[in-house]
Amino acid sequence: MKDLPGEWKDHQLTVALRIRPLNDAEIEEGATTVAHKIDNQMVVLMDPCEDADNVLRANRSREKTYMFDVAFDYAATQEDVYVATTKNLIDGVIAGYNATVFAYGPTGAGKTYTMLGLDSEPGIYIRTLNDLFTAIEDSTEDLNCSVYMSYIEIYNEMIRDLLNPSSGYLELREDAKGEIRIAGITEFSTCNAKEIMALLTKGNKLRTQESTAANKTSSRSHAILQVAVKQKSRVKDINEEVRVGKLFMVDLAGTERASQTQNRGKRMKEGAHINRSLLALANCINALSEKGGKGAQFVNYRDSKLTRLLKDALGGNSRTVMITHISPASSNFEESRNTLVYADKAKNIRNKVKRNLMNVSYHLAQYTSIISDLRSEIDRL
Ligand code: ADP
Ligand code: MG
């Protein structure tokens with residue numbers, strides 16, 4: 001008997017926290033470390049205070065601890081982060097489940113480092129794709145498999161195709177099943193991880209990056225890498241099966257507030273747009289995290305492109321992991337505290353997941369039962 005579609009299972013959002021190492025600028029300005037990992041799940045944020053020499057020190061009496069599914073600090077490698085957050089989603093995607101991994105946090109906290117990484121220290125994108133291709137190759141199931149990849153950015157509430165920037169701005173459409181699609185998006189089909197890394201690096205260079213006071217090379221856009229694994233039975237018969245698992249990997253723009261980046265003019269407008277998406281995301285996280293306790297809370301996904309695209313990831317049909325990023329420095333205390341508060345709320349989000357599976361014999365059985373019901377109704381007339 002084949003697995004049937006439509007079996008919904010509960011899934012709680014996984015929330016990870018990564019504290020990056022102190023950087024040179026932070027050391028130079030005399031910042032101290034106020035965010036520490038205590039164990040594999042617990043972190044502490046200490047409230048910094050200035051001493052007599054105006055040097056920032058951590059105030060241990062005003063500290064707050066937070067628990068996450070997993071916590072990383074400066075000692076964590078890219079491999080550690082990948083294995084603990086994303087690696088175990090791969091088998092699910094091949095089996096037809098949706099999954100989302102998104103990097104959240106202020107500018108400069110390490111989101112792009114975690115997702116894209118460096119050539120010498122590749123991040124989650126490439127590690128995931130490598131393992132995905134290996135798993136498909138090693139699969140003993142008799143299925144034809146194709147992998148499609150697309151890479152977009154949302155900048156000022158406009159969608160650009162990072163694999164084909166000349167295509168102009170793309171629009172979101174809702175299909176007959178109520179699923180959100182990006183009209184005209186490039187879907188690149190490949191099973192070669194090296195080729196993909198080249199495409200990603202090229203696409204990433206096209207991302208809209210302009211300097212702000214907060215970070216010279218900050219990325220002001222949200223980038224979304226989508227990988228769809230479509231599988232079909234080789235034999236066309238009554239047991240023919242079609243499976244589709246979608247994996248979203250999202251590198252969000254910085255969550256810091258506009259005032260902190262001292263943005264003016266164009267930057268200010270851009271900040272407002274980024275905030276529109278991030279505000280909508282924060283509103284969704286708020287509504288979803290309260291839903292469990294208070295019953296029907298309205299979740300407004302329609303407010304921004306980002307939340308429309310991440311609808312399944314938050315409260316829908318997706319196994320979702322949020323990797324939250326903070327700097328350890330005393331000078332970033334406020335930002336870190338705001339970020340931790342949201343990450344803490346996101347832990348309450350519950351999704352319902354099922355395999356995206358279409359099975360000819362299953363559908364035939366459904367139709368046969370409908371036909372027999374109709375027959376008996378006609379007989380009764
Ligand atoms: P974000 O995408 O959140 O704005 P980045 O990923 O661009 O931040 O990180 C800012 C800088 O810090 C980059 O130069 C990056 O290489 C470095 N960095 C971030 N996280 C780490 C880390 N865990 N280990 C070493 N360097 C890091
Ligand atoms: Mg970035």
Mind checking which residues of the stretch 200-219 are more than 20 Å from L132 (Cβ to Cβ), modelled with pLDDT of 75 or more and in contact with a helix residue (DSSP H, G or I) (Cβ under 8 Å, 6 or more places away or on another chain)? L206
Just checking, which of R207, R173 is of a type in the set (D, E, K, R) and either in contact (Cβ under 8 Å) with a residue 40 or more places away in the chain or on the phi > 0 side of the Ramachandran plot (or both)? R207
Of all residues in the stretch 131-188, which are touching a Ser or Thr at 6+ places or on another chain (Cβ under 6 Å) and loosely packed, with under 12 Cβ neighbours inside 10 Å? none
Being in contact with a Cys (Cβ under 9 Å, 6 or more places away or on another chain) and among the β-branched types (V, I, T) narrows V341, V353, V299 down to just V299
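Is it true that S304 is within 15 Å of A103 (Cβ to Cβ), of a type in the set (G, A, S) and touching an Asp or Glu at 6+ places or on another chain (Cβ under 9 Å)? Steps first, answer last, please.
Working: within 15 Å of A103 (Cβ to Cβ): no; of a type in the set (G, A, S): yes; touching an Asp or Glu at 6+ places or on another chain (Cβ under 9 Å): yes.
Judged against the criteria, S304 is not a match.
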I124 - would you say it is more than 16 Å from ligand 1 (Cβ to nearest atom) and crowded, with 19+ Cβ neighbours inside 10 Å? no
For the stretch 106-127, name all the residues that are of a type outside the set (A, V, I, L, M, F, W, C) and near ligand 2 (Cβ under 9 Å from one of its atoms). T107, G108, G110, K111, T112, Y113
For the list (1) crowded, with 17+ Cβ neighbours inside 10 Å; (2) of a type outside the set (A, V, I, L, M); (3) at pLDDT 55 or above, I need the number of the one condition that N263 fails. (3)
Would you check which residues across the stretch 306-332 are buried (at least 22 other Cβ atoms within 10 Å of the Cβ), more than 22 Å from Y82 (Cα to Cα) and touching a residue at least 40 places away in the same chain (Cβ under 8 Å) and list them? L306, L309, A329, S330, N332
So which residues in the stretch 135-155 are of a type in the set (S, T, Y), in a strand (DSSP E or B) and more than 18 Å from the chain's Cα centre (by Cα), if there are any at all? S146
So the check is Cβ under 6 Å with 6+ separation or different chains; which pairs have a first residue in the stretch 64-80 that's assigned to a strand (DSSP E or B) and a second one that's near ligand 1 (Cβ under 10 Å from one of its atoms) and of a type outside the set (S, T, Y)? F72/R18; F72/V81
Checking the condition more than 16 Å from ligand 1 (Cβ to nearest atom), at positive phi and in contact (Cβ under 8 Å) with a residue 24 or more places away in the chain, which residue from G105, G96, G92 passes? G96
The stretch 334-361, subset among the hydrophobic types (A, V, I, L, M, F, W, C), surrounded by fewer than 22 Cβ atoms within 10 Å (Cβ to Cβ) and farther than 25 Å from D91 by Cβ, residue modelled with the lowest pLDDT: V341
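The values are calculated or read from the model by the stated rules, or taken from the named source; none is laboratory data. All of these numbers come straight from a predicted model, not from anything done at the bench. Cβ atoms come from the backbone with ideal geometry, glycine included; neighbour counts cover every protein chain shown.
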